[in-house]
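Remarks on the structure that follows.
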Amino acid sequence: ETGVTQTPRHLVMGMTNKKSLKCEQHLGHNAMYWYKQSAKKPLELMFVYNFKEQTENNSVPSRFSPECPNSSHLFLHLHTLQPEDSALYLCASSHTYTGELFFGEGSRLTVL
Amino acid sequence: SQQGEEDPQALSIQEGENATMNCSYKTSINNLQWYRQNSGRGLVHLILIRSNEREKHSGRLRVTLDTSKKSSSLLITASRAADTASYFCATDESGSRLTFGEGTQLTVNP
(Lines give C-alpha, C1' and ligand atoms only; values in the text may rest on other atoms or scores of the structure.)
Protein backbone atom coordinates (compact mmCIF):
# COMPACT_ATOMS: atom_id res chain seq x y z
CA GLU A 1 0.00 0.00 0.00
CA THR A 2 1.72 3.15 -1.23
CA GLY A 3 -1.01 5.66 -0.46
CA VAL A 4 -1.87 6.14 -4.13
CA THR A 5 -5.08 4.47 -5.29
CA GLN A 6 -6.03 3.93 -8.90
CA THR A 7 -9.40 2.85 -10.24
CA PRO A 8 -10.37 0.87 -12.14
CA ARG A 9 -7.60 -1.72 -12.05
CA HIS A 10 -8.75 -3.19 -15.36
CA LEU A 11 -10.68 -1.55 -18.18
CA VAL A 12 -11.75 -2.86 -21.57
CA MET A 13 -13.20 -0.35 -23.99
CA GLY A 14 -14.11 -0.02 -27.60
CA MET A 15 -12.58 2.61 -29.85
CA THR A 16 -15.69 4.79 -29.69
CA ASN A 17 -16.16 4.67 -25.93
CA LYS A 18 -15.48 7.41 -23.41
CA LYS A 19 -14.05 6.34 -20.08
CA SER A 20 -11.98 7.82 -17.27
CA LEU A 21 -9.18 6.63 -15.06
CA LYS A 22 -9.02 7.94 -11.52
CA CYS A 23 -6.10 8.46 -9.18
CA GLU A 24 -6.25 9.53 -5.55
CA GLN A 25 -3.49 10.28 -3.06
CA HIS A 26 -3.70 11.36 0.55
CA LEU A 27 0.01 11.73 1.13
CA GLY A 28 -0.04 15.52 1.02
CA HIS A 29 2.04 15.53 -2.12
CA ASN A 30 2.13 18.52 -4.46
CA ALA A 31 2.97 16.80 -7.73
CA MET A 32 0.99 14.12 -9.57
CA TYR A 33 1.87 12.25 -12.74
CA TRP A 34 0.42 9.99 -15.40
CA TYR A 35 2.77 7.43 -16.95
CA LYS A 36 2.12 4.94 -19.73
CA GLN A 37 3.85 1.57 -19.66
CA SER A 38 3.74 -0.54 -22.82
CA ALA A 39 5.41 -3.89 -23.30
CA LYS A 40 9.14 -3.72 -23.99
CA LYS A 41 9.21 0.09 -23.81
CA PRO A 42 10.48 2.46 -21.12
CA LEU A 43 8.00 4.16 -18.87
CA GLU A 44 6.59 7.15 -20.77
CA LEU A 45 5.73 10.31 -18.86
CA MET A 46 2.43 11.69 -20.14
CA PHE A 47 1.38 14.55 -17.87
CA VAL A 48 2.64 16.32 -14.79
CA TYR A 49 0.62 18.45 -12.41
CA ASN A 50 2.33 20.57 -9.79
CA PHE A 51 0.07 22.34 -7.27
CA LYS A 52 -2.92 21.46 -9.53
CA GLU A 53 -1.39 23.21 -12.53
CA GLN A 54 -0.34 21.19 -15.56
CA THR A 55 3.38 21.71 -15.95
CA GLU A 56 4.09 19.14 -18.60
CA ASN A 57 2.30 17.55 -21.52
CA ASN A 58 4.72 15.17 -23.16
CA SER A 59 3.28 15.41 -26.70
CA VAL A 60 0.34 13.24 -25.74
CA PRO A 61 -2.48 12.87 -28.31
CA SER A 62 -5.62 14.86 -27.54
CA ARG A 63 -7.64 11.67 -27.14
CA PHE A 64 -6.07 11.60 -23.66
CA SER A 65 -7.33 14.47 -21.52
CA PRO A 66 -6.07 14.95 -17.95
CA GLU A 67 -7.92 16.72 -15.17
CA CYS A 68 -6.66 17.71 -11.74
CA PRO A 69 -9.53 19.20 -9.70
CA ASN A 70 -7.48 19.35 -6.50
CA SER A 71 -4.10 18.31 -5.21
CA SER A 72 -5.37 14.87 -4.15
CA HIS A 73 -7.15 13.75 -7.30
CA LEU A 74 -6.07 13.21 -10.87
CA PHE A 75 -8.14 11.91 -13.75
CA LEU A 76 -7.30 10.72 -17.24
CA HIS A 77 -10.26 11.01 -19.59
CA LEU A 78 -10.14 8.65 -22.55
CA HIS A 79 -11.97 9.22 -25.85
CA THR A 80 -11.81 7.43 -29.22
CA LEU A 81 -8.71 5.49 -28.33
CA GLN A 82 -6.75 3.22 -30.64
CA PRO A 83 -5.73 -0.41 -30.03
CA GLU A 84 -2.10 0.74 -29.67
CA ASP A 85 -3.18 2.74 -26.61
CA SER A 86 -3.61 -0.54 -24.75
CA ALA A 87 -1.13 -0.41 -21.88
CA LEU A 88 -0.70 -0.13 -18.13
CA TYR A 89 -1.41 3.45 -17.03
CA LEU A 90 0.36 4.38 -13.84
CA CYS A 91 -0.37 7.31 -11.59
CA ALA A 92 2.28 8.62 -9.23
CA SER A 93 2.72 11.43 -6.76
CA SER A 94 5.68 13.08 -5.11
CA HIS A 95 6.41 15.76 -2.57
CA THR A 96 8.94 17.49 -4.79
CA TYR A 97 9.39 17.53 -8.54
CA THR A 98 12.36 15.14 -8.61
CA GLY A 99 11.86 13.37 -5.34
CA GLU A 100 10.72 9.87 -4.63
CA LEU A 101 7.68 8.81 -6.62
CA PHE A 102 4.86 6.87 -5.03
CA PHE A 103 3.03 4.81 -7.63
CA GLY A 104 -0.45 3.39 -7.69
CA GLU A 105 -1.03 -0.20 -8.80
CA GLY A 106 -1.96 0.90 -12.27
CA SER A 107 -4.97 0.63 -14.55
CA ARG A 108 -4.62 -2.06 -17.22
CA LEU A 109 -6.36 -0.69 -20.32
CA THR A 110 -7.35 -2.81 -23.30
CA VAL A 111 -8.75 -1.07 -26.37
CA LEU A 112 -10.62 -3.35 -28.75
CA SER B 1 14.06 10.79 -24.40
CA GLN B 2 15.49 7.89 -22.44
CA GLN B 3 18.08 8.95 -19.89
CA GLY B 4 18.95 5.85 -17.92
CA GLU B 5 19.74 2.56 -19.56
CA GLU B 6 19.87 -0.62 -17.50
CA ASP B 7 22.16 -3.52 -18.15
CA PRO B 8 21.62 -6.43 -18.46
CA GLN B 9 18.10 -6.51 -19.86
CA ALA B 10 17.49 -9.85 -18.17
CA LEU B 11 19.28 -11.69 -15.38
CA SER B 12 18.59 -15.18 -14.05
CA ILE B 13 20.28 -16.41 -10.87
CA GLN B 14 19.85 -19.02 -8.14
CA GLU B 15 18.50 -18.22 -4.72
CA GLY B 16 21.29 -17.12 -2.38
CA GLU B 17 23.42 -15.61 -5.13
CA ASN B 18 24.04 -11.89 -5.52
CA ALA B 19 22.45 -9.91 -8.34
CA THR B 20 24.08 -6.86 -9.88
CA MET B 21 22.32 -4.48 -12.24
CA ASN B 22 23.85 -1.43 -13.88
CA CYS B 23 22.48 1.87 -15.07
CA SER B 24 24.13 4.39 -17.35
CA TYR B 25 22.94 7.92 -18.04
CA LYS B 26 23.88 10.78 -20.31
CA THR B 27 23.52 14.18 -18.65
CA SER B 28 24.35 15.59 -15.25
CA ILE B 29 21.99 14.64 -12.46
CA ASN B 30 21.02 15.72 -8.96
CA ASN B 31 19.93 12.27 -7.89
CA LEU B 32 19.42 8.74 -9.18
CA GLN B 33 16.72 6.42 -7.95
CA TRP B 34 16.08 2.70 -8.19
CA TYR B 35 12.59 1.21 -8.37
CA ARG B 36 11.21 -2.30 -8.41
CA GLN B 37 8.11 -3.55 -10.22
CA ASN B 38 6.41 -6.88 -9.77
CA SER B 39 4.65 -8.09 -12.89
CA GLY B 40 1.60 -5.97 -13.72
CA ARG B 41 1.89 -3.89 -10.55
CA GLY B 42 3.00 -0.36 -9.74
CA LEU B 43 6.60 0.62 -9.18
CA VAL B 44 7.98 0.72 -5.66
CA HIS B 45 10.78 3.07 -4.68
CA LEU B 46 13.87 1.27 -3.35
CA ILE B 47 16.58 3.83 -2.83
CA LEU B 48 17.68 7.34 -3.81
CA ILE B 49 21.32 8.34 -4.11
CA ARG B 50 22.38 11.95 -4.51
CA SER B 51 25.06 13.12 -6.91
CA ASN B 52 27.43 13.89 -4.04
CA GLU B 53 27.09 10.37 -2.61
CA ARG B 54 29.10 7.38 -3.79
CA GLU B 55 27.44 4.48 -2.00
CA LYS B 56 24.25 3.80 -0.12
CA HIS B 57 22.86 0.76 1.68
CA SER B 58 19.37 -0.34 2.55
CA GLY B 59 18.98 -3.83 3.98
CA ARG B 60 20.22 -6.27 1.32
CA LEU B 61 20.50 -3.48 -1.25
CA ARG B 62 23.69 -1.63 -2.07
CA VAL B 63 23.75 1.18 -4.60
CA THR B 64 26.85 2.85 -5.96
CA LEU B 65 27.12 5.97 -8.07
CA ASP B 66 30.06 7.03 -10.24
CA THR B 67 29.32 10.47 -11.66
CA SER B 68 32.57 10.52 -13.63
CA LYS B 69 31.41 7.45 -15.56
CA LYS B 70 27.74 8.47 -15.41
CA SER B 71 26.80 5.07 -14.07
CA SER B 72 25.20 3.39 -11.08
CA SER B 73 24.88 -0.17 -9.91
CA LEU B 74 22.33 -1.94 -7.74
CA LEU B 75 23.51 -4.99 -5.84
CA ILE B 76 21.03 -7.34 -4.18
CA THR B 77 22.82 -9.70 -1.82
CA ALA B 78 21.64 -13.18 -0.84
CA SER B 79 18.78 -13.06 -3.32
CA ARG B 80 15.43 -14.69 -2.68
CA ALA B 81 12.72 -15.95 -5.04
CA ALA B 82 10.60 -13.00 -3.86
CA ASP B 83 13.18 -10.63 -5.37
CA THR B 84 11.99 -11.71 -8.83
CA ALA B 85 10.83 -8.47 -10.47
CA SER B 86 11.84 -5.75 -12.91
CA TYR B 87 14.25 -3.13 -11.63
CA PHE B 88 14.41 0.38 -13.03
CA CYS B 89 16.74 3.28 -12.55
CA ALA B 90 15.42 6.81 -12.84
CA THR B 91 17.39 10.01 -13.18
CA ASP B 92 16.52 13.68 -13.07
CA GLU B 93 17.97 15.31 -16.17
CA SER B 94 19.79 18.33 -14.75
CA GLY B 95 17.18 18.80 -12.05
CA SER B 96 14.21 18.30 -14.31
CA ARG B 97 11.61 15.55 -14.17
CA LEU B 98 12.52 11.89 -13.68
CA THR B 99 13.04 9.64 -16.67
CA PHE B 100 13.19 5.87 -16.48
CA GLY B 101 15.20 3.23 -18.27
CA GLU B 102 13.79 0.06 -19.81
CA GLY B 103 14.59 -1.98 -16.75
CA THR B 104 16.32 -5.24 -15.89
CA GLN B 105 14.14 -8.33 -15.49
CA LEU B 106 15.54 -10.33 -12.58
CA THR B 107 14.53 -13.94 -12.08
CA VAL B 108 15.63 -15.69 -8.90
CA ASN B 109 15.22 -19.45 -9.16
CA PRO B 110 14.46 -21.36 -5.93
Determine the shielding of peptide A:31-41 by partner chains: average, over its residues, the number of Cβ atoms on other chains within 10 angstrom of each Cβ. 2
Let me check against my output: what whole-number percent is the relative contact order of chain A, with C-alpha pairs under 8 Å and at least 6 apart? 38
Cα-centred dipole magnitude for chain A, charges only on beta-carbon of K, R (+1) and D, E (-1), debye, nearest 20: 360
Total accessible area lost when A and B pair, probe 1.4 Å, Å² to nearest 100: 1600
Of A:Ser72, B:Asn38, A:Leu27, which is farthest along the charge dipole of the protein assembly as shown in the positive direction, counting Lys and Arg as +1 and Asp and Glu as -1 at C-beta? A:Ser72
Using unit Cβ charges (K, R positive; D, E negative) and no other charged atoms, how large, in debye to the nearest 20, is the dipole of chain B about its Cα centre? 260
A:Phe51 accessible area, nearest 10 Å², 1.4 Å probe? 130
Whole-Hz couplings from phi, Karplus 6.51/-1.76/1.60, listed for the stretch B:104-110; x for Gly and Pro: 10, 8, 9, 10, 10, 8, x
Loop-located trypsin sites (Lys or Arg not before Pro) in the stretch A:21-62 whose Cβ has at most 10 other Cβ within 10 Å (DSSP): A:Lys40
Can you give me the long-range amide H partners of A:Gly106? Hydrogens built in the peptide plane at 1.01 Å from N, cutoff under 5 Å, separation of 5 or more residues or another chain. A:Gln6, A:Cys91
Please give the per residue accessible area of the stretch B:5-109, computed with a probe of 1.4 Å over protein heavy atoms only, in Å². 45
With the dipole of chain B worked out from charges on the C-beta (+1 for Lys and Arg, -1 for Asp and Glu) around the Cα centre, which of B:Leu65, B:Ala78, B:Gly4 lies farthest toward the positive end? B:Leu65
Go ahead and set up a Gaussian network model of chain A, Cα springs under 10 Å, then flag whichever of A:Leu11, A:Leu74, A:Leu21 fluctuates most. A:Leu11
GNM on chain B, C-alpha springs below 10 Å: top fluctuator among B:Ser51, B:Ser73, B:Ser39? B:Ser39
Placing unit charges on C-beta atoms (Lys and Arg positive, Asp and Glu negative, everything else neutral), compute the dipole magnitude of the protein assembly as shown about its Cα centre in debye, rounded to 20. 240
Mean-position separation - Cα centroids, the stretch B:70-110 and the stretch A:71-112, in angstrom: 21
Taking the protein assembly as shown and a Cβ-Cβ threshold of 4.7 Å, the cysteines left without a partner are A:Cys68
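The values are calculated or read from the model by the stated rules, or taken from the named source; none is laboratory data. Since the model is a prediction, treat every value here as computed from it, not as a measurement. All Cβ positions, even for glycine, are placed from backbone atoms using ideal geometry, and neighbour counts span all protein chains on display. All accessible areas refer to the heavy atoms of the entire protein, side chains included, with ligands and DNA or RNA removed. Shrake-Rupley method; radii C 1.70, N 1.55, O 1.52, S 1.80 Å.
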